[in-house]
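Please read the structure below before turning to the comments.
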Amino acid sequence: MFAEVALNIPLDRTFIYRVPEKASSKPQLGKRVIVPFGKSDFLKTGIIVSLKEKIEDINETYIKEIFDIPDNFSLFTENNIELAREIAKRYASSLGEVLFLFLPSGFVIEETSYIYLKREDHVKGKIEKQIVDYLKKKKGKVKLISLSRAIKGKSVYSTVKNLIRKGIVGKEEDITYTLLPTQKFAVLNEIKPVKGKKEIKALEILKSAKELPVKTLKEMGISYDTIKRLSAKGIIRIEEREHLVNVKKQALTDNRKIILTANQKKALNEIMTSKDETFLLYGVTGSGKMEVYLHAALETVKRGKSVLILVPELLLTPELRARVENYFGENIVVFHSKLSKKELVSQWLKAVKGKSKVFMGTRMSLMLPIKDLGLIIVDEEQDTSYKEQQKPLYHAREMAVKRGNIEKCPVILVSATPSVESYYRASIGKYKALELKKRISNIPLPYIKVVDLKEEKRVGIFSESLISAIKNTVKKGEQVLLFINRRGFFSSGFCPKCGFVAECEDCAVPLVYHKNMNKLICHICGKKYSPIYRCPECGTKLEFKGYGTERVEEEVKVLFPEFRTIRLDQDSVRNPTKGAKLISDIKNGKYDIIVGTQIASKGHNFPKLTLVAVLMADTGYLLPDFRSAERTFQTIVHTTGRAGRFKPGAAIVQAFDPENPAVKYAAEYKFDLFYKEEIEAREIFNYPPFSYPVVLEFQIEKTSKFRKVEDKFNILKEKIKPYFNVPPLNPAPIPKISGRYRFITFMRAANENDLLKGVDILKKEMPILFRGIRYKIDVDPVYL
Ligand code: ADP
Ligand code: ZN
């Protein structure tokens, strides 16, 4: 028998191996295998993606044999592999790259090869000599990988192989099979008399319990030595058992029983009577969307099926988790990047072994090997964190819909402000629209006042209306959130005389001054610079423009010295313990004014918060982007929606252009009008959902290389012209990142078919045409 194996390498192909007569377990689709790979036959972890009795086109004698099939279970389901194939096809990746992006790294077996010197005679050639000298210098065993780093050159591996053949160099392998999480148990065998206090006590405990984890016995004061002694006498045995780590969680807070309203029931009913449709469940914050989807999840579980709930990075808070646990108990599986390597392996295995029915996590949960999936939910479906920023650059929302099709189960996309794409698809009937029109509680949505920053008198960025609203709110003992889209202090030091702007030398974007560190920081690459106050070109004193959270915080403290002000942004919650304390302090009313970024506007409910201000609604988007109207609209709705969730509240939106439809319609709660205008604009300018974009990006160290890239690009252009509209290469909106110049082209296909055909050509042609050049194929781009 033969197995088709996917490996984590960027070549767009799979590999055929012979299934060995003997292995630790039977070959099966989705199982991991350990296979020799490449010239030097290093062992690599692969995934079986198909099994064949016969193979054609390949000479069987050249086929290598699988080294081992270590597990008696599959790490991916058949449906997973089908989804991975779709992702690889759409996002220009190999099947192996996709599978290994999702598979926790703890499952990947690493082979470390060591080499050492045996003799020194018969050394020939420059590379051989270099290798032998290196081994002599290092003495003893050397990791092969560090040798290949120390000695550059293409033939290092084959030279090592020659040296091994000639008996000059020896090789040793050290394979670390990933340890699946296990736990030691002490199990009673037979009772014999024992001496010694400790042994008697241990035996007493085990007589009644029969078996206990060693860890528990230790907690009861029985040392491992005692246990080992009992085991040596044959009284007990120590067993190593699989143990899926439980991820620590916070206590439950919410235990109410909910009776759905007529509208919610109607939506629920539509979902529960559907087989495999995609729904768009939308309505203002507080309209009861989450209760609907949790009910749908509960019904699904009652029918014996499993549920996958995807949430954005910032939304996965203890509060959200508590709400889900309130429905399903503590047996839900959460999955996100903050978990340890061991925990990720454990959670993955809980899906493999069907230990839970409810799985909740960030975009990386998309591929969890859940069996009998009955429902997929994508909460805050408009959120940009659903887009992966590394290869494969998949879009988890789009692929969740795809997974629903493959699993033949319904998908619910949930949002107060749906993406324009999903809204459009719901409006033409491709998705089924479920709208919840009203807030559940009789607390009205906050009244939103729009302030014209050009017209109204202000102190810095604080308009008179805002200043008096802040005073009134805090006097009533309530809280204020001031939202600004950027952390740091000011955005740039700028010379009023010659126009000099302090920029990152690697990324060519304005630097942001962080006062607490007294550093200028690049928000693209993170590089820190010493602050400058005078123009390096002409010596004039620099002026500082723009606002970040730090500057707002400082100005608030000057304007309102008697109020307690706190900053809530990535910088202040970087440490999780401090972050959690900060959030609970805010909830407990220890602060009056919160200055925050997106972190403050997502996930957390602040009961005393009744006034929200968006300080600069229509700026702060660094980059020109066809989605900037959509983002402005979403930011206003989400941020102002934090106000008055428990008591009536109000919001102030300050803008330089209050007539901008994104600002105006958000403030007037005329969402339909916003979408109508935005969809019309997208259609006129042929943006998604009316086209299917792919951004090609090239990164070069020297601008002089551009010609060469452009020539090759023109060759490529001829081949993809039938499928894409291809504009010329241009500098990217962020023209330089980490010292590399970026050039992009924003291509568009007219339909999905052309997109897939075009991507297929890109996948085949680009590695050959652009060998040695850094490039990226971004399908469904979110950031340019
Ligand atoms: P959304 O997801 O639209 O923001 P939620 O589902 O979170 O709305 O509901 C907002 C609040 O109203 C929550 O506290 C929720 O528990 C409560 N709620 C929702 N539906 C009902 C209902 N039918 N009866 C009572 N309370 C409800
Ligand atoms: Zn930079």
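Give the range 7-17 a look and list any residue that's over 17 Å from F42 (Cβ atoms) and surrounded by 15 or more Cβ atoms within 10 Å (Cβ to Cβ), or say none. Give the steps one after another, and end with the answer.
Initial filter on the range 7-17 (over 17 Å from F42 (Cβ atoms)): 12-14, 16.
D12, T14, I16 - these are the residues of the range 7-17 that are over 17 Å from F42 (Cβ atoms) and surrounded by 15 or more Cβ atoms within 10 Å (Cβ to Cβ).
Quick one: what pairs do we get from the range 543-565, first residue within 23 Å of D585 (Cα to Cα), second of a type in the set (A, V, I, L, M, F, W, C) and part of a helix (DSSP H, G or I), C-beta under 6 Å, 6+ apart or different chains?
Listed by first residue and then by second, the contacts come to F563/V474; T565/V556.
I'd like the residue in the range 379-394 that is closer than 24 Å to L95 by Cα and buried (at least 24 other Cβ atoms within 10 Å of the Cβ) and, out of all such residues, is nearest to the chain's Cα centre (by Cα).
Y386
Taking the conditions exactly as written (closer than 18 Å to G286 by Cβ, more than 16 Å from ligand 2 (Cβ to nearest atom) and surrounded by fewer than 16 Cβ atoms within 10 Å (Cβ to Cβ)), does K438 satisfy them or not? So that I can check it myself, show each step before the final result.
Values: closer than 18 Å to G286 by Cβ: yes; more than 16 Å from ligand 2 (Cβ to nearest atom): yes; surrounded by fewer than 16 Cβ atoms within 10 Å (Cβ to Cβ): yes.
For K438, the condition - closer than 18 Å to G286 by Cβ, more than 16 Å from ligand 2 (Cβ to nearest atom) and surrounded by fewer than 16 Cβ atoms within 10 Å (Cβ to Cβ) - is met.
Taking the range 256-282 as the search range and keeping residues that are more than 11 Å from ligand 1 (Cβ to nearest atom) and in a loop (DSSP other than H, G, I, E, B), which one is farthest from the chain's Cα centre (by Cα)?
Here the residue is T273.
Within the range 83-99, can one find any residue that is of a type in the set (S, T, Y), in a loop (DSSP other than H, G, I, E, B) and over 30 Å from Q390 (Cβ atoms)? Break it down stepwise before answering.
The initial filter retains those residues of the range 83-99 that are of a type in the set (S, T, Y), namely 91, 93-94.
Subsequent filtering for residues that are in a loop (DSSP other than H, G, I, E, B) retains 91, 93-94.
The next check asks that each one be over 30 Å from Q390 (Cβ atoms); those that pass are none.
No - not one qualifying residue is present in the range 83-99.
Just checking, which of K719, K712 is closer than 26 Å to I87 by Cβ, modelled with pLDDT of 95 or more and among the charged types (D, E, K, R)?
On the way: K712 fails: closer than 26 Å to I87 by Cβ.
It is K719.
Here is a list of conditions, (1) assigned to a strand (DSSP E or B); (2) out of contact with any strand residue (DSSP E or B) (no Cβ under 9 Å at 6 or more places or on another chain); (3) among the small types (G, A, S), and A732 meets all of them except one; can you say which number that is?
Among (1) assigned to a strand (DSSP E or B); (2) out of contact with any strand residue (DSSP E or B) (no Cβ under 9 Å at 6 or more places or on another chain); (3) among the small types (G, A, S), the lone unmet condition for A732 is (2).
Being within 16 Å of ligand 2 (Cβ to nearest atom), free of Cβ contacts under 8 Å to residues at least 40 places away in the same chain, farther than 26 Å from T640 by Cβ and not small (G, A, S) is the requirement here; does K519 meet it? Break it down into steps so the answer makes sense when it comes.
Numbers: within 16 Å of ligand 2 (Cβ to nearest atom): yes; free of Cβ contacts under 8 Å to residues at least 40 places away in the same chain: yes; farther than 26 Å from T640 by Cβ: yes; not small (G, A, S): yes.
The answer is yes for K519.
Mind checking whether some residue in the range 314-326 is away from ligand 1 (no atom under 13 Å from the Cβ) and more than 28 Å from A643 (Cα to Cα)?
Looking for residues that are away from ligand 1 (no atom under 13 Å from the Cβ) and more than 28 Å from A643 (Cα to Cα), one finds none in the range 314-326, hence no.
Quick one: which strands (runs of 3 or more DSSP E) sit completely within the range 482-538 and have at least 1 residues that are at pLDDT 80 or above and more than 16 Å from ligand 1 (Cβ to nearest atom)?
The strands (runs of 3 or more DSSP E) meeting that bar are 519-521.
Assess whether F724 counts as being closer than 30 Å to L453 by Cβ, hydrophobic (A, V, I, L, M, F, W, C) and either in contact with a helix residue (DSSP H, G or I) (Cβ under 7 Å, 6 or more places away or on another chain) or in the same structural domain as E630 (by the TED database) (or both). Can you show your working first?
Details: closer than 30 Å to L453 by Cβ: no; hydrophobic (A, V, I, L, M, F, W, C): yes; either in contact with a helix residue (DSSP H, G or I) (Cβ under 7 Å, 6 or more places away or on another chain) or in the same structural domain as E630 (by the TED database) (or both): yes.
Judged against the criteria, F724 is not a match.
Would you pick out the residues in the range 50-82 that are in contact (Cβ under 8 Å) with a residue 60 or more places away in the chain, of a type in the set (A, V, I, L, M) and under 18 Å from M1 (Cα atoms)?
Listed by number, the residues that qualify are I63, I66.
Since H295 meets every condition but one in (1) away from ligand 1 (no atom under 12 Å from the Cβ); (2) surrounded by fewer than 23 Cβ atoms within 10 Å (Cβ to Cβ); (3) within 26 Å of T261 (Cβ to Cβ), which condition does it not meet?
Against the list (1) away from ligand 1 (no atom under 12 Å from the Cβ); (2) surrounded by fewer than 23 Cβ atoms within 10 Å (Cβ to Cβ); (3) within 26 Å of T261 (Cβ to Cβ), H295 comes up short only on (1).
Of the residues that make up the range 459-476, is at least one under 30 Å from G539 (Cβ atoms), among the aliphatic types (A, V, I, L, M) and either modelled with pLDDT of 90 or more or in contact with a strand residue (DSSP E or B) (Cβ under 8 Å, 6 or more places away or on another chain) (or both)? Lay out the reasoning, then the answer.
Applying the first criterion (under 30 Å from G539 (Cβ atoms)) to the range 459-476 yields 460-461.
Cutting the leftovers down to among the aliphatic types (A, V, I, L, M) gives us 461.
Now drop any that are not either modelled with pLDDT of 90 or more or in contact with a strand residue (DSSP E or B) (Cβ under 8 Å, 6 or more places away or on another chain) (or both), which leaves 461.
For the range 459-476, residues under 30 Å from G539 (Cβ atoms), among the aliphatic types (A, V, I, L, M) and either modelled with pLDDT of 90 or more or in contact with a strand residue (DSSP E or B) (Cβ under 8 Å, 6 or more places away or on another chain) (or both): present.
Yes/no per residue for (1) basic (K, R); (2) within 16 Å of ligand 2 (Cβ to nearest atom):
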{"site": "K712", "(1), (2)": "yes, no"}
{"site": "P722", "(1), (2)": "no, no"}
{"site": "P731", "(1), (2)": "no, yes"}
{"site": "E752", "(1), (2)": "no, no"}
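The values are calculated or read from the model by the stated rules, or taken from the named source; none is laboratory data. These numbers were taken from a predicted model, which means no experiment stands behind them. For neighbour counting, all protein chains shown are included, and Cβ atoms are generated from backbone atoms with ideal geometry for every residue, glycine included.
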